[in-house]
Amino acid sequence: MDKNKAYYAHETAVIDEGCQIGAGTRIWHFSHLMGGCRIGEACNIGQNVVISPEVVLGNRVKVQNNVSLYTGVICEDDVFLGPSCVFTNVINPRSAFVRKDQYRPTHIGQGATIGANATLVCGHPIGAYAFVGAGAVVVQEVLPYALVVGNPSRQIGWVSRAGHRLEFDQQGRAVCPETGEVYQLVDGQVSLLA
């Protein structure tokens, strides 16, 4: 690690002027961070990752290999982006038509997971602690704690903050088998009980 920097970047990484990179972040082989992106503390940017201008990553975000994050993507703290997952930022791209003024944002809530090879069509928020399964194609909003799979994605259940399936009882309560946290399901919304 360069003693003049608070982060580590592999010698093959390209980091343009104007990037903000938090302390403890690690940037690996052949990745490119474009000017104007903001990367939080203790992030891990895998091999062959591209981060476009104005992309924002919170703290402790893990971006696995071969992910391109386009302008309009915002990830809160503790988000996991699986290998080769795909983001878009224009709903109807055409090579001959410039549509930079039509970018649609994609907001990924705290602690959410996007599985390997999943595709997120722009403009659909992913709720906190949601889990998008590998290969899913997201074409609508994903609720907090929701588990979605398939093409197009469909919700098949709920997960805890630790990523375990939640099984709700008759009173709408479920317990995470790893943490012991208790969750409540009311009117199609899951919340963590204090």
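None of the figures in this text is laboratory data; all of them are computed from the coordinates on show. Small disclaimer: the values here were computed from a predicted structure and weren't measured. Cβ: placed from backbone, ideal geometry, glycine included. Neighbour counts: every protein chain shown.
The table that follows gives values for the structure above.
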item	result
Subset of the range 164-194 [within 30 Å of Cys122 (Cα to Cα) and surrounded by 15 or more Cβ atoms within 10 Å (Cβ to Cβ)]	His164, Leu166, Tyr183, Leu185, Val190, Leu192
Residues being loosely packed, with under 13 Cβ neighbours inside 10 Å and either under 19 Å from Gln64 (Cβ atoms) or of a type in the set (Phe, Trp, Tyr) (or both) - total across the range 13-25	1
Near pairs, Cβ below 7 angstrom, 6+ apart or cross-chain, from the range 177-194 (under 11 Å from Arg161 (Cβ atoms)) to any residue that is small (Gly, Ala, Ser) and not in a strand (DSSP E or B)	Glu178/Ala162; Thr179/Ser160; Thr179/Ala162; Glu181/Ser160; Tyr183/Ser160
Residues within the range 75-86 that are surrounded by fewer than 22 Cβ atoms within 10 Å (Cβ to Cβ) and either over 16 Å from Tyr129 (Cβ atoms) or charged (D, E, K, R) (or both), tallied	6
Residue match in the range 160-183 (condition: among the small types (Gly, Ala, Ser) and closer than 26 Å to Val49 by Cβ)	yes
Conditions (1) in contact with an Asp or Glu (Cβ under 7 Å, 6 or more places away or on another chain); (2) part of a loop (DSSP other than H, G, I, E, B): number failed by Ala174	(2)
Condition met for Ser160 (more than 15 Å from the chain's Cα centre (by Cα) and closer than 13 Å to Gly111 by Cα)	yes
Flag for Gly72 being in contact (Cβ under 8 Å) with a residue 40 or more places away in the chain and buried (at least 16 other Cβ atoms within 10 Å of the Cβ)	yes
Residue that is farthest from Phe30 (Cα to Cα) [pool: residues in the range 62-101 that are among the aromatic types (Phe, Trp, Tyr) and not in a loop (DSSP other than H, G, I, E, B)]	Phe97
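Results for (1) closer than 22 Å to Thr106 by Cβ; (2) assigned to a loop (DSSP other than H, G, I, E, B); (3) of a type outside the set (A, V, I, L, M, F, W, C), shown as yes or no for each residue.
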site: Glu17; (1), (2), (3): no, yes, yes
site: Gly24; (1), (2), (3): no, yes, yes
site: His29; (1), (2), (3): no, yes, yes
site: Ala42; (1), (2), (3): no, yes, no
site: Asn48; (1), (2), (3): yes, yes, yes
site: Pro53; (1), (2), (3): yes, yes, yes
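Matching residues to (1) crowded, with 19+ Cβ neighbours inside 10 Å; (2) in contact with a strand residue (DSSP E or B) (Cβ under 7 Å, 6 or more places away or on another chain); (3) without any contact (Cβ under 8 Å) to a residue 40 or more places away in the chain; (4) part of a loop (DSSP other than H, G, I, E, B):
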{"position": "Arg104", "(1), (2), (3), (4)": "no, no, yes, yes"}
{"position": "Ala116", "(1), (2), (3), (4)": "no, no, no, yes"}
{"position": "His124", "(1), (2), (3), (4)": "no, yes, yes, yes"}
{"position": "Ala134", "(1), (2), (3), (4)": "no, no, no, yes"}
{"position": "Gln140", "(1), (2), (3), (4)": "no, no, yes, yes"}
{"position": "Val148", "(1), (2), (3), (4)": "yes, yes, yes, no"}
{"position": "Gln155", "(1), (2), (3), (4)": "no, yes, yes, no"}
{"position": "Trp158", "(1), (2), (3), (4)": "yes, yes, yes, no"}
{"position": "Ala162", "(1), (2), (3), (4)": "no, no, yes, yes"}
